[in-house]
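**Q** Okay, here's the structure, questions in a sec.
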Amino acid sequence: MDIRNQAVQERLEAATRKWWFYLFFVLLQFIPSFASKGYDPTKMGEIIVIILQNAIISSLETLYPIFKIIPIILVTLIIFRKRWVTCWFNIYVGTSYVLFAFLQHVAITEQYGFSIVTSNLIMILVVAAFWFWDVFAQKNDFAPVEQSTWKYWVIIPLAFLAFWYPLNPDTFMPDFNPMYLFTNVAGLTFCMMTPVYLKILILHYPRINIATLRVTGLAGIIIAFYNVFLNFFMYPELLWWNGILHIPLLMISGHALSLKKRMEAEIRRS
């Protein structure tokens, strides 16, 4: 990394340790959703649900397998220690987050017209920017790093469950069809792919871009809490299994943020 990029990286790492950075993400949640036909502000929760249910992603079924197969190839190359894949992984993940932002949070409906869940779109684009930045910063290093055994026995199965996303799209009930590993919508969703991306960073900690880890984990835990509320409290009879499948996002994002404390402790000791 050249001197200029190193200076930018140090500023980003310093910024992501500040309280105001976390406040910024909290304040993002108060940005109202947009609808070209307008809506009653008291129905903010309702319009968000409608946008998510009718998002562009639901019309792109033919693309689902592509975004399942590419991550499998990239993770396999990382497992086989192909260090050159790091740059391509960063580019793919950054591109994925751009797609998550627009495909999951933009819809066109008869009731509201062109609509956007603005807060989520902006937050996820910030995450994308951090992943793209590492293409230049080159802080992520996916060479093998010795980790605690529990990370392999807990984090990997949780990330695998999220990637598989064994849910029947018609009934929202458990459906452990192995073909879902290659065919369902999970590869184009923030909630199912973020545990996979964070898993890669966590298993290679501390030789990673810590700023990217923090931002991704922060966005992940915010959206995880939204889904916990939606699935377990608003529509528990229908969406309880979908809620369970969001637990990997909650747990792995939380662990990613806990690594922030370890990094700060290391900085103080150095």
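**Q** In region 69-126, which residues are farther than 17 Å from Pro195 by Cα, at pLDDT 95 or above and aromatic (Phe, Trp, Tyr)?
**A** Trp88, Phe102, Phe114
**Q** While we're looking at this one, here's another question. If you take the residues in region 144-203 that are farther than 21 Å from Leu250 by Cβ, among the polar types (S, T, N, Q) and part of a helix (DSSP H, G or I), which one is modelled with the highest pLDDT?
**A** Thr183
**Q** Still on this model: Residues in region 190-198: is at least one farther than 19 Å from Gln9 by Cβ, in contact with a Gly (Cβ under 7 Å, 6 or more places away or on another chain), in contact (Cβ under 8 Å) with a residue 60 or more places away in the chain and crowded, with 16+ Cβ neighbours inside 10 Å?
**A** Yes, region 190-198 contains at least one residue that is farther than 19 Å from Gln9 by Cβ, in contact with a Gly (Cβ under 7 Å, 6 or more places away or on another chain), in contact (Cβ under 8 Å) with a residue 60 or more places away in the chain and crowded, with 16+ Cβ neighbours inside 10 Å.
**Q** Among the residues of region 230-244, what is the count of those that are closer than 18 Å to Ile50 by Cβ and surrounded by 14 or more Cβ atoms within 10 Å (Cβ to Cβ)?
**A** Adding up the residues that qualify gives 5.
**Q** Let me ask something else about it. Any residue at all in region 211-227 that is over 18 Å from Ile124 (Cβ atoms), part of a helix (DSSP H, G or I) and not small (Gly, Ala, Ser)?
**A** no
**Q** OK, next. From Val117, Val93, Val98, Val127, which residue is among the aliphatic types (A, V, I, L, M) and either surrounded by fewer than 19 Cβ atoms within 10 Å (Cβ to Cβ) or farther than 23 Å from Gly220 by Cβ (or both)?
**A** Exactly one of Val117, Val93, Val98, Val127 is among the aliphatic types (A, V, I, L, M) and either surrounded by fewer than 19 Cβ atoms within 10 Å (Cβ to Cβ) or farther than 23 Å from Gly220 by Cβ (or both), namely Val98.
**Q** Next question. Please enumerate the residues belonging to region 138-164 that are buried (at least 19 other Cβ atoms within 10 Å of the Cβ) and either among the aliphatic types (A, V, I, L, M) or within 21 Å of Arg81 (Cα to Cα) (or both).
**A** Answer for region 138-164, where residues must be buried (at least 19 other Cβ atoms within 10 Å of the Cβ) and either among the aliphatic types (A, V, I, L, M) or within 21 Å of Arg81 (Cα to Cα) (or both): Lys139, Asn140, Phe142, Ile155, Leu158, Ala159, Ala162.
**Q** Test each condition in (1) in contact (Cβ under 8 Å) with a residue 24 or more places away in the chain; (2) touching a Pro at 6+ places or on another chain (Cβ under 7 Å) for Asp175 and report the one that comes out false.
**A** (1)
**Q** Under the condition of being of a type in the set (Val, Ile, Thr) and surrounded by fewer than 17 Cβ atoms within 10 Å (Cβ to Cβ), which residue from region 1-57 is modelled with the lowest pLDDT?
**A** Ile3
**Q** Any chance you could count how many residues in region 134-183 are over 21 Å from the mean Cα position of the chain (by Cα) and of a type in the set (Asp, Glu)?
**A** Number satisfying all stated conditions: 3.
**Q** Which one of Tyr22, Tyr64 is closer than 18 Å to Ile124 by Cβ and in contact (Cβ under 8 Å) with a residue 60 or more places away in the chain?
**A** Going through Tyr22, Tyr64 in turn, the sole match is Tyr22.
**Q** Looking only at helices (runs of 4 or more DSSP H) that lie completely in region 1-108, which have at least 3 residues being in contact with a Cys (Cβ under 6 Å, 6 or more places away or on another chain) and within 30 Å of Asp141 (Cα to Cα)?
**A** Where helices (runs of 4 or more DSSP H) fall fully within region 1-108, none carries at least 3 residues being in contact with a Cys (Cβ under 6 Å, 6 or more places away or on another chain) and within 30 Å of Asp141 (Cα to Cα).
**Q** While we're looking at this one, here's another question. How many of the residues in region 166-182 are surrounded by 15 or more Cβ atoms within 10 Å (Cβ to Cβ) and closer than 14 Å to Ile72 by Cβ?
**A** Here the count works out to 2.
The values are calculated or read from the model by the stated rules, or taken from the named source; none is laboratory data. Bear in mind the structure is a predicted one, so any value in this text is a computation, not a measurement. When we count neighbours, we look across all protein chains shown, and the Cβ atoms used for this are built from the backbone with ideal geometry, even at glycine.
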